[in-house]
Structures are given as C-alpha cells and as structure tokens.
Amino acid sequence: MKSEELPAFFDGLEQWARGRDGALELVTYGGHDDQVIELRRGSAPGVQPLAIVLHGGFWRTGYTRANTTALAVALAEAGWSSANVEYRRLGPGAYGPMLDDVAAARRSLEGFHPVVAVGHSAGGHLALWLGAEGLVDACVALGGVCDLAEAAQAELGERAVQEFLGGSSDEVPEAYLVADPAGRLPLGVPQVLVHGVGDDRVPLAHAQAYAGRARAAGDDCRVAEIDAGHFEPVDPRSRAWPDVLGAMESARSAVAGAALPGAAP
C-alpha cells in the first residue's frame, strides 16, 4: 500500500469500527492524555481472555490507537475482551517512558486470562517486549518489528530504531539491552508472527530470522505467512483477518497447553 493511500485506508477502518462498536470503558493509567486505554469487555460469562492491542507507526507521533480501533472491535466481536492502548511518544531517544507506559497499561488490567499482547508493526515489538518482561501469557505480532538490532542495521522505517533508542547498538548498547526482545531470548511465552509475504515495510525475512533465533533459544515461536502486505492484518474486512483470528486462537491454545499437567514449561 502506498503512503498516499494510508489516510483513506485508516479513515475507512475508523468508519467500519464506528458502525459496529459497542460499549467501551475508558481506562486511564496516568496523568498524560496519551496514558489511556479503550477497554471493550467480552460478553461471555466467566473470566475473559484479553487482547492487549498495540498500534504501530515506527514509535513516532502521527499514528494512534485510532489505527487499531477496528482490530480491537473485531476481536471483541470474536469473543475477546480487548484493550486498545495509547502510549506517550516523546521524541528521539525517549524509549523509556514509552516502555514504562506499555507496562503500566498492562498492569492496570486485572481479572483476565489468558492475556495476549497483539501489536502491529512497531506495536509488534511492544507486544514481544511485554512477553520479555513476563507481563503477558503470549504474543502475536502483525508485521512486527521483532529484532531491533537487525532492524537498525537494515535501516527500517528510515532509521526508525535509531531514532527510537537514540542511536545504534554501538552508541547506546544499554538501550538495546532493555528494549530489544531479540536480545532477551528466550522470552518464555508462545509467540505467533503473522507476516505478509508482500510486506514492504518490514520484510518477511525479518520475522523468519527472529523466529529461527527464538526457536533455537527454546521458545514456542512460529511464523504465519499470509498473502498480504503490511497493513492488511489490522483490517477485519480483509482476507487476512481469518489468519489473524487463527493466530490469536493459536496463542491462546498454546497457553492452555503449557498449563496442562506434565506439559513442557
């Protein structure tokens, strides 16, 4: 999808979501306007599975939770409670407050099981980072930036990683140690990477290489290759949507399987 087509694409997603959206609860987890969550609760009785939805945008301003509202609404329709998270983006090198926000947002949501973080693009990185922190039961990355050191070397997003962390891995090694899930393998939670074979923002090979490293480290990590580009996975109207739902169910099943007596940790 061309950059000039994105405004119309996201406008269409918002209109779709507004036409189907039910009741939502606005949860604040801090004093800043961006420290807010749109929580949509599932209607089934008992403890609900929770999808923590994290938008992308290469960690920059300009992209917001509005871009993943349709994803959050569609997950709620599919039986999940969904928490569409906003977080602060304070400029180059301000990775610490952003990560603090994502962790605080997760900690503000209790009473759900399992908790699966699902993020698109840079939000995929944030989802995996929550897994590295032990704050979620499983992770699903949609066209996700999985390995920050490799993404920086490839200059993905016009050097977005260097901007996010404040430099290269040689210049700010401490930032990569904290923020890069690939440097903290094994994460110890199931991971599903949904990635379009035609993704021109984050190449499929990026996800494949990360998954290989994760499995070698002992993680349950697989790549679901789909016939799509970078943005279709957040569009419930697209033919990629069944694959996204399948990845979410796969992550939930992997958590349940790990909890069975005698299952591998």
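The values are calculated or read from the model by the stated rules, or taken from the named source; none is laboratory data. All values derive from a computational prediction rather than experimental measurement. Note: ideal-geometry Cβ built from the backbone for every residue, glycine included; neighbour counts use all protein chains shown. Please note that ligands, DNA and RNA were not included when accessible areas were found on the heavy atoms of the full protein model with its side chains. Shrake-Rupley method; radii C 1.70, N 1.55, O 1.52, S 1.80 Å.
When Pro7 is tested against (1) buried (at least 22 other Cβ atoms within 10 Å of the Cβ); (2) in a helix (DSSP H, G or I); (3) not charged (D, E, K, R), just one condition goes unmet, and that condition is (1). Tallying residues that are open to solvent by 10 Å² or more (accessible area, probe 1.4 Å), in contact (Cβ under 8 Å) with a residue 40 or more places away in the chain and in a helix (DSSP H, G or I) within the stretch 108-152 yields 3.
State whether one or more residues within the stretch 9-22 are within 23 Å of Glu158 (Cα to Cα) and of a type in the set (Lys, Arg). No, because not a single residue in the stretch 9-22 is within 23 Å of Glu158 (Cα to Cα) and of a type in the set (Lys, Arg). Cβ-Cβ contacts under 9 Å between residues 6 or more apart (or on different chains), taken from a first residue in the stretch 167-182 that is within 12 Å of Gly96 (Cα to Cα) and modelled with pLDDT under 95 to a second residue that is of a type in the set (Ser, Thr, Tyr) and open to solvent by less than 60 Å² (accessible area, probe 1.4 Å), are absent.
Take Asp180 and tell me if it is open to solvent by less than 60 Å² (accessible area, probe 1.4 Å), under 15 Å from the mean Cα position of the chain (by Cα) and not β-branched (Val, Ile, Thr). Taking the combined requirement at face value, the residue satisfies it.
Exactly one residue among Glu25, Glu38 is under 30 Å from Pro242 (Cβ atoms), surrounded by fewer than 21 Cβ atoms within 10 Å (Cβ to Cβ) and charged (D, E, K, R), and that residue is Glu25. Selection of the stretch 57-106 for residues being part of a loop (DSSP other than H, G, I, E, B), aromatic (Phe, Trp, Tyr) and either at pLDDT 95 or above or in contact with a helix residue (DSSP H, G or I) (Cβ under 6 Å, 6 or more places away or on another chain) (or both) yields Phe58, Trp59, Trp80, Tyr87. Tallying residues that are farther than 10 Å from Ser81 by Cα and assigned to a loop (DSSP other than H, G, I, E, B) within the stretch 32-46 yields 6. Evaluation of His32 against the conditions (1) open to solvent by less than 30 Å² (accessible area, probe 1.4 Å); (2) at pLDDT 95 or above shows that the sole unmet condition is (1).
Here the stretch 41-68 is the region considered, the condition is being open to solvent by 20 Å² or more (accessible area, probe 1.4 Å) and β-branched (Val, Ile, Thr), and the residue that is farthest from the chain's Cα centre (by Cα) is Val47. For the stretch 211-239, the set of residues classified as of a type outside the set (Val, Ile, Thr), touching a Pro at 6+ places or on another chain (Cβ under 8 Å) and buried (at least 22 other Cβ atoms within 10 Å of the Cβ) consists of Ala214, Cys221, listed by residue number. Based on this model, can you work out whether Gly196 counts as over 22 Å from His113 (Cβ atoms) and in contact (Cβ under 8 Å) with a residue 40 or more places away in the chain? So Gly196 fits the description; yes. Evaluate the following for Gly93: is it touching a residue at least 24 places away in the same chain (Cβ under 8 Å) and crowded, with 16+ Cβ neighbours inside 10 Å? No, not satisfied.
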